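Reviewing the structure listed below.
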Amino acid sequence: MNILMRVFRSRSFAFLLSMPCFVGLLTEPRMARAEQEQHEDPVVLRPAPDSLTNHIAISPKIAFIVPTGSAEKRFPQRAYVQAGPSYGLDLAYGLSRYVALQARFEYGMLSANDQCPNGGTCEATTLAFGAGVDYHLVHGAAFDPWLRAGMGYRWTRFDLRWEGINRDRAYAGLDWLHLAIGGDWYPHPMIGLGPFFALDIGSYQARPDSPPPGTSGPAQATVHTFVSLGLRAVFDPMR
């Protein structure tokens, strides 16, 4: 009996001695994982690659241009012509990740409207070039929305010919405000395509000496505007 008690006591004592080791084996992996997590380096979020700074983008464009306002007092731009197609080119140079300098060229052709006398010719062409600043709202995305503000210079010629009238009326002056908004979608890293809307406001400083058809009196400056809605392609070989 004493022998059995001694054996039982020795086994119980050994079991009690082994308990801390067993508990340590259970908790050691958790402690090791916790220490590993504490010593892991934090994830560094890197900015998207710069797709604008020092890049040169070439953007041919086509638009539907609507003349509004007046070429001069008593001569609305839509007196004898209406909206027509416009073709142009934008050049941009990136100054930063969001800002680019922009230069533009546009050539529009306006056809006769219902006010043109029967059998007459009523046409107009308008040519504009200017410069401005583009601001890109996002960076590194497939869709690139942008805003633009700038100035320009415009030359417009009206070709008016019917019975008793055979003259060209040429105007030239500043587009002292050019505003545009658009967005380019890039199916390929170097090629984008997207719509745009533009507004030009200005005044012709150079005007014909003769009064507009059917009017009299000295020429007087007034405000002209052009509204454009179109589509452009963007080629950026460095993107």
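Every number here is computed from the coordinates shown, using simple stated rules; none is lab data. Since this is a predicted model, take the numbers as computed values, not measurements. Cβ sites come from the backbone with ideal geometry, for glycine too, and all protein chains shown count toward neighbours.
Before moving on, here are some points about what is shown:
- Summary of packing: across the peptides 55-65, 69-79, the per-residue average of other C-beta atoms within 10 Å ranks them, highest first, as 69-79, 55-65.
- In this structure the amide hydrogen of T121, modeled in the peptide plane, comes within under 5 Å of the amide hydrogens of R161, W162, none closer than 5 places in sequence on its chain.
- In order through region 183-197: 3J(HN,Hα) via Karplus (6.51 cos²θ - 1.76 cosθ + 1.60), integer Hz, x for Gly, Pro: x, 10, 9, 10, x, 10, x, 9, 10, x, 8, x, x, 8, 10
- Hz values of 3J(HN,Hα) by residue in region 161-167 - Karplus curve (6.51, -1.76, 1.60), Gly and Pro given as x: 9, 7, 4, x, 10, 8, 8
- The 3J(HN,Hα) values that the Karplus relation (6.51, -1.76, 1.60; θ = phi - 60°) gives for region 117-132 are, in residue order, x, 4, x, x, 10, 9, 9, 8, 10, 9, 10, 9, 9, x, 9, x Hz. Gly and Pro appear as x.
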